[in-house]
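The next block holds one structure in the form of structure tokens; read it before the comments.
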Amino acid sequence: MPETRSSERIEISLQQLRDIAFLSRLEVPDESLEELRSDFLALLNHFKQIDELPTDGVEPMAHPLELSNVFLQEGVRCPAEPDELLQNALEVDSERRVIVPRVVE
Amino acid sequence: MSSEYEIVVGLEIHTELCTRRKAFCGCPNNFKVPPNTNICPTCLGVPGALPVLNPEMLEFALRVCLALHTKINQRCHFDRKHYFYPDLPKGYQISQKYRQIGVEGFIPIETEDGGEKRVRISDVHMEEDTGTLAHTEAYVRKGTSTVNYNRCGVPLLEIVSHPDMRSIAEVSSYMHRMRDLLDFLAVSDCRMEEGSIRYEASVSLRPFGQEEYGTRVEIKNLGSFRSVEQALEAEIRRQKRILASGTPLRQETVLFDENLKETRPMRSKESSSDYRYFPEPDLPPIVISDERLNEVKQTMPPLRDTVMKLMIEEHGLTPYAADVLTASRALADYSRDAVRAGGKEMAVPVANWLQNTVLGYLNETGLEIAAFPVSAQELADLVRKVEEKKITAAAAKTCLRESLSGKGSLRDLLARQGEAVSDDAQLVQWIRDVITENPDKVESYRSGRTNLIQFFVGQVMRLSKGRAQAQKVKELLEEELGG
Ligand SMILES: [Zn+2]
């Protein structure tokens, strides 16, 4: 993400936008990039207002709820059967392995 | 040439934690079952399924942090690391980026001159393992790969060192010390061949005396001590060659080719800043109270050093024996039990039996101590019988061997064996029988072929069914034959 001082507006290049789209595996046609950029900037600059607040000494919030230490209980198992879950796969071989597009050269 | 540059190495260790269940779901943490059997909506990343932290993982992580003397972040949380790969069904890995459980610790390692130094640990953090991809030829030809998600969501601990190692020997010592630590803390089964410990090394060279580090290259995906050592050798060779040619090194990630014994650059489209880490919203933060921390400290299994010290100081074993018998936690546990069962005066003979007979058997058969069929108590009883001269060492070994090869329980075999014969009259009787039966051999012996004594001893031992002390028989034989 481009670094800016609090008074500046965030700018973003079309290449940065393409990179971000790639990381999210989104296919964005070139003619939609400008529109996406203005939406994206509107969002970023909206949140940028937080930079104007004095946050020195404020602990960054890791979670919005006042919860901590939620632990897995003994003996709890998911009711879904593995076979049932495997039905979500496009293709499964005779040894129960999920077949996916090749990921090595 | 080789002394021009100083080697600077840092290591990342990823170890699977041997918890009973996975990190964030109730699936058994055991992936040695048919593919895709230990899976559930959570570890498969089915939309709407929520992770919940396995407290065992937290406890194991705390043990490691305590053993590595790290500062413990008593408030910490998980973060998401995003990337797309078929072995990661959620599209992100739950990890710890911004507030790891442990930061800034150290582990002492051995230096090449036999001294010790501390390697600083920069952080210890919890994360989850991915599924396993297979690229069988038949599939690759069809343009596919296969995935097994049994390993997906298995708890992992990542231990990151500072670049404090200055030779491959130091790296080796670091890996061994770390393996011992993880083994004795009972947090990892340390089965390298099954991938339960994996390494990534970062290596750079700099002229001796230079303060700043050279360009750093990372070597990914190393699965054993040997491959780390060999990969480092290869990478150091490569860097020296490039530096000698006057070309600057590129900061990059390489893979080690085990067959060609060389490192080659990895084609990578994503760099670490592209992982788009952010706090994991599905898992609330962890707060570790002082009480909890203390509890973990109090119930932590002893480290190898402590176990060795106990063997030496309390049981009178030699440092060498203590070292051999603590090669693994399982062996150390068995040895401790056997030594305790034997009592103080039996400690040293029991230790000898462990080192010679028990370890000999394990080496021969390739079995692990966990598979050793004779209990520590039985072994101690056997040694006591030998020490009290109730049976001969030879007979004890025979019984043990027969029991190990499935010919009955050690107890029964010993009962059948009968007690040792130390009655001289009986021994002399057997000796005279042997002399009468072998007049020609007696002749040869008396005319100078004294090595025939072994033959006579063997014959007497056979008559005694192993219940005679070979040394005693030999002495008596020499008397009888000499006369
Ligand atoms: Zn699961």
In debye to the nearest 20, how big a dipole does segment B:55-165 give about its Cα centre with +1 on each Lys and Arg Cβ and -1 on each Asp and Glu Cβ?
-> 560
Per-residue ellipticity at 222 nm attributable to helices in chain B (runs of n ≥ 4 DSSP H, -39500 (n - 2.57) apiece, nearest 500 deg cm²/dmol) works out to -12000 deg cm²/dmol
Orientation-averaged projected area, Cα convex hull of the protein assembly as shown (nm²) | 40.2
For a label point 7 angstrom out from the Cα of A:Arg102 toward its Cβ, which stretches of segment B:143-184 have the backbone nitrogen within less than 16 Å?
-> B:143-147
About its Cα centre, how strong a charge dipole does segment B:304-417 have in debye, to the nearest 20, once Lys and Arg get +1 and Asp and Glu get -1 at the Cβ?
-> 320
Taking alpha-carbon centroids only, segment B:338-404 lies from segment B:103-171 a number of Å equal to 37
Name the lysines eligible as straight-distance cross-link partners of B:Lys97: C-alpha to C-alpha under 17 Å, and not fewer than 8 places from it in the same chain.
-> B:Lys71, B:Lys81
Mind checking the mean number of beta-carbon atoms from other chains within 10 Å of the Cβ atoms in A:12-22?
-> 1
Mind checking the mean number of beta-carbon atoms from other chains within 10 Å of the Cβ atoms in B:39-46?
-> 5
Counting DSSP beta bridges with both partners in chain B, what percentage is antiparallel, nearest 5?
-> 90
Using Cα positions and a limit of under 15 Å, work out the aspartates and glutamates in reach of B:Lys240, with same-chain residues fewer than 8 apart set aside.
-> B:Glu4, B:Glu6, B:Glu262
Within straight cross-link reach of B:Lys390, meaning Cα distance under 21 Å, which lysines are found once same-chain residues fewer than 8 apart are removed?
-> B:Lys344, B:Lys465, B:Lys472, B:Lys474
Can you give the relative contact order of segment B:333-483 as a percent, counting alpha carbon pairs under 8 Å and 6+ residues apart?
-> 20
Working out 0.36 nm times the residue gap between B:Ala134 and B:Met266, then minus their Cα-Cα distance, what length gain in nm do you get to one decimal?
-> 45.6 nm
Out of B:Met126, B:Asn148, B:Ile159 - ranked by how far each Cα lies towards the positive end of the dipole of segment B:80-160, with unit charges on the beta-carbon of charged residues - the top one is B:Asn148
Shape call, segment B:304-417: gyration tensor on alpha carbons, a/c limit 1.5 | oblate
Over segment A:1-94, calculate the relative contact order: mean separation of alpha carbon pairs under 8 Å at least 6 apart, over the residue count, as a percent.
-> 24
Each label sits 7 Å from Cα toward the beta-carbon; between B:Asp323 and B:Asn356 the label points are separated, in nm, by 2.1
Rounded to the nearest 0.05, FRET efficiency between A:Leu23 and B:Arg216 (Cβ-Cβ, R0 30 Å) equals 0.80
Compute the length gained on full extension between B:Glu252 and B:Asp290: take 0.36 nm times their separation in residues and subtract their Cα-Cα distance, giving the result in nm to one decimal.
-> 9.5 nm
Cα gyration tensor shape for chain A, rounded if a/c is under 1.5, else prolate or oblate | oblate
Net charge (Lys, Arg +1; Asp, Glu -1) of residues whose beta-carbon lies under 12 Å from that of B:Ile168, B:Ile168 excluded, is -2
Partner chain Cβ atoms within 10 Å, averaged over the residues of B:290-299 - can you pull that number for me?
-> 0
Interface A:B - total buried accessible surface [probe 1.4 Å, Å², rounded to 100] = 3700
Residue among B:Gln454, B:Ala425, B:Leu477 farthest towards the positive dipole end of segment B:424-482, charges placed on Cβ = B:Gln454
Quick one: putting +1 on the C-beta of Lys and Arg, -1 on the C-beta of Asp and Glu, what dipole do you get for chain B around its Cα centre, in Debye to the nearest 20?
-> 940
Could you give the distance between the Cα centres of segment B:183-247 and segment B:409-483, to the whole Å?
-> 61
Using R₀ = 35 Å, calculate the FRET efficiency as 1/(1 + (r/R₀)^6) where r is the Cβ-Cβ separation of B:Ala371 and B:Arg416; round to 0.05.
-> 0.90
Once the mean 1/r over all distinct Cα pairs of segment B:98-189 is inverted, what Kirkwood radius in angstroms do you read off?
-> 15.9
Label-point separation (nm) for A:Thr55 and B:Lys117, each offset 7 Å from Cα along Cα-to-Cβ?
-> 4.1
Kirkwood Rh in Å, taken over all unlike Cα pairs in segment B:424-482 | 11.1
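The values are calculated or read from the model by the stated rules, or taken from the named source; none is laboratory data. Bear in mind that the values here come from a model prediction, so they are computed numbers and not experimental data. For neighbour counting, all protein chains shown are included, and Cβ atoms are generated from backbone atoms with ideal geometry for every residue, glycine included. Surface areas here come from the heavy atoms of the whole protein model, side chains and all, with no ligands, DNA or RNA. Shrake-Rupley method; radii C 1.70, N 1.55, O 1.52, S 1.80 Å.
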